[in-house]
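The structure under discussion appears below in the form of structure tokens.
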Amino acid sequence: MSIVISRALCRVLSRQTAVPTNVSFLMGVDGHVSQGPWFASVLTLKTSAPLRAEPKKKKKVDPRREQMVRERLKKKLKKLERVPPELIPIEDFTTPAKYMDETRVRGAAQLPFEESERRALLLKEWSRYKQTQHRAEMEAVGLAVEAQREALEELRLESEELYQAALRPDPLLFPFNHQGPSYTPPKAQYEAPEGKYNNITKVYTQ
């Protein structure tokens with residue numbers, strides 16, 4: 001704060017010393033401004049940075065005490081080396097004990113003979129029905145493709161232009177218009193929501 005005030009005073013005094021030449025009572029013999037009580041020289045103002053910091057005193061360290069602290073640390077390190085490190089279990093790869101019970105075996109349901117025969121006959125009947133349906137569909141598709149080919153051949157004999165127009169895809173046959181998302185830059189200030197969750201992570205300490 002003192003530096004700012006001193007700089008402001010320097011500016012004010014420097015402006016005041018720049019007086020016009022027609023003022024004769026302030027000018028000396030050499031043509032310079034005389035040193036008066038109202039116009040002090042700028043060089044008289046000297047500022048320096050405040051030095052309020054106290055030098056740090058060095059603490060006297062006892063060499064015996066330092067040696068004792070080092071010996072204690074060495075003993076603690078030796079004790080830690082003797083104890084084997086405790087491994088943290090990985091619970092994701094550990095199968096719970098209730099799932100390792102061999103007595104919990106789900107056996108196949110025992111169906112009576114009549115029910116098993118009924119299901120087998122029903123499966124065979126369903127297979128025959130799907131085979132007949134597939135053959136009918138393939139035959140209908142083949143007939144449609146053959147009829148289309150014959151119609152295009154007859155049309156080509158009549159007019160080549162109509163034949164080329166018939167080969168073009170018809171956009172009105174299946175009117176569907178879809179516009180995908182446009183590319184937009186990501187928001188710089190956007191923070192994605194983290195959602196709600198329950199933290200059940202176990203903390204292990206050694």
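The values are calculated or read from the model by the stated rules, or taken from the named source; none is laboratory data. Bear in mind that the values here come from a model prediction, so they are computed numbers and not experimental data. Here the Cβ positions follow ideal geometry from the backbone for every residue, glycine too, while neighbour counts run over all protein chains shown. Calculation scope for accessible area: heavy atoms of the full protein, side chains included, ligands and nucleic acids excluded. Shrake-Rupley method; radii C 1.70, N 1.55, O 1.52, S 1.80 Å.
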Could you say whether any residue in region 149-166 is more than 30 Å from Leu87 (Cβ to Cβ) and assigned to a loop (DSSP other than H, G, I, E, B)?
yes
Is there a residue being free of Cβ contacts under 8 Å to residues at least 12 places away in the same chain, surrounded by fewer than 10 Cβ atoms within 10 Å (Cβ to Cβ) and under 55 Å from the mean Cα position of the chain (by Cα) anywhere in region 148-168?
yes
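Quickly run through region 189-206 and pick out the residues that are open to solvent by 100 Å² or more (accessible area, probe 1.4 Å) and more than 30 Å from Pro89 (Cα to Cα). Reasoning before the result, please.
Of all residues in region 189-206, those open to solvent by 100 Å² or more (accessible area, probe 1.4 Å) come to 189-191, 193-194, 196-203, 205-206.
Answer for region 189-206, where residues must be open to solvent by 100 Å² or more (accessible area, probe 1.4 Å) and more than 30 Å from Pro89 (Cα to Cα): Gln189, Tyr190, Glu191, Pro193.
Counting only residues that are open to solvent by 100 Å² or more (accessible area, probe 1.4 Å) and in a helix (DSSP H, G or I), which one in region 95-121 is farthest from Arg168 (Cα to Cα)? Can you show your working first?
Here is the first cut: in region 95-121, the residues open to solvent by 100 Å² or more (accessible area, probe 1.4 Å) are 98-100, 102-106, 110, 113-114, 118-119, 121.
Okay, now just the ones that are also in a helix (DSSP H, G or I), so 98-99, 113-114, 118-119, 121.
Numbers: Lys98: 66, Tyr99: 63, Phe113: 61, Glu114: 60, Arg118: 54, Arg119: 51, Leu121: 50 Å.
If we take residues in region 95-121 being open to solvent by 100 Å² or more (accessible area, probe 1.4 Å) and in a helix (DSSP H, G or I), then Lys98 is farthest from Arg168 (Cα to Cα).
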